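The values are calculated or read from the model by the stated rules, or taken from the named source; none is laboratory data. Since the structure is predicted, the reported quantities are computational estimates derived from the model, not experimental observations. Reconstructed Cβ throughout: ideal geometry from the backbone, glycine too, with neighbour counts over all protein chains shown. Note: areas computed on protein heavy atoms with side chains; ligands, DNA, RNA excluded. Shrake-Rupley method; radii C 1.70, N 1.55, O 1.52, S 1.80 Å.
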Amino acid sequence: LVSAKEVDRYSFQNEYVIIDIRSPREFREKHIKGAVCIPYERLDQQVKLLKNRTLILYCDRGGLSMKAARELIELGYDAKSVVGGIEAYFH
């Protein structure tokens, strides 16, 4: 788990990828700087090239990103979820 306050220190660092798993529309409206948008439905296909990076996932409130991080960990990825999601980040 990553707290919303510590997310910024992972931005723009090569070994980390911050991934917004919400819809592209939600991403366009507001997102964490340096994040990429990979909707949850496409996550398993699109993270294959990121196997040697730490994946920091977030959604609206943290529930779906927690589930996604667990699924990716089971597949051998180093994945973490932002506690409270983007709502916690912007508050």
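Some observations on this one:
- Pick from the stretch 33-54, criterion open to solvent by 20 Å² or more (accessible area, probe 1.4 Å) and part of a loop (DSSP other than H, G, I, E, B), ranking: modelled with the lowest pLDDT: LYS51
- Among the residues of the stretch 55-75, none qualifies, meaning not one is open to solvent by less than 70 Å² (accessible area, probe 1.4 Å) and modelled with pLDDT under 95.
- Those residues of the stretch 13-32 which are free of Cβ contacts under 8 Å to residues at least 40 places away in the same chain, in a loop (DSSP other than H, G, I, E, B) and either within 16 Å of SER65 (Cα to Cα) or open to solvent by less than 50 Å² (accessible area, probe 1.4 Å) (or both), in sequence order: SER23
- Residue in the stretch 50-71 that is among the hydrophobic types (A, V, I, L, M, F, W, C) and without any contact (Cβ under 8 Å) to a residue 12 or more places away in the chain present: no
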